[in-house]
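One structure below.
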Amino acid sequence: MVQSISDMTFLYKDTKVPKEHYKKLLSKDYVEMVEANVSVKLVETIYNIVSGLNNESPRLFYQALLLLDKGIKPGSMTAEQFQALTVTTDQHEQNKKSHILDKEAHETFDNVLKNGMTYFAGDND
């Protein structure tokens, strides 16, 4: 079976992948595969919660993320921190940014998606 997969891969633009690579991947423990599936399900659950909160109140959602990122608990915010939070949120809303995360996170995601880990590994040297 491993040789057949290697042969099928070769049919795509003469891409050579040693059969040992597929043998290693197919011999992964069942536990590893289950862990990966559980991780995806947890991300999906968190995504659904976060998406719902963002849809319900984008302003409050952004403020909560900012406080989380700054390490400030809402219940112990000072007046100065509240002012900074309000001004930052107002500025964010005026700029109408379509992304919550910074540009670098999006660029990394897009480049790895397009070029695979080769891009990411080569970029960190």
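The values are calculated or read from the model by the stated rules, or taken from the named source; none is laboratory data. Worth saying up front: this structure is predicted, and the values here are computed from it rather than measured. Here the Cβ positions follow ideal geometry from the backbone for every residue, glycine too, while neighbour counts run over all protein chains shown.
Filtered by the rule that a residue be among the charged types (D, E, K, R) and at pLDDT below 85, segment 86-103 gives Lys96, Lys97, Asp102, Lys103. Of the residues in segment 41-51, not one is within 22 Å of His99 (Cα to Cα), without any contact (Cβ under 8 Å) to a residue 40 or more places away in the chain and not in a helix (DSSP H, G or I). Being at pLDDT 70 or above, surrounded by 12 or more Cβ atoms within 10 Å (Cβ to Cβ) and closer than 30 Å to His92 by Cα is true of Leu65. Here segment 100-120 is the region considered, the condition is being among the hydrophobic types (A, V, I, L, M, F, W, C) and not in a helix (DSSP H, G or I), and the residue that is surrounded by the fewest Cβ atoms within 10 Å (Cβ to Cβ) is Leu101. Residue-level check: of (1) closer than 30 Å to Met117 by Cβ; (2) touching a residue at least 12 places away in the same chain (Cβ under 8 Å), His92 misses just (1).
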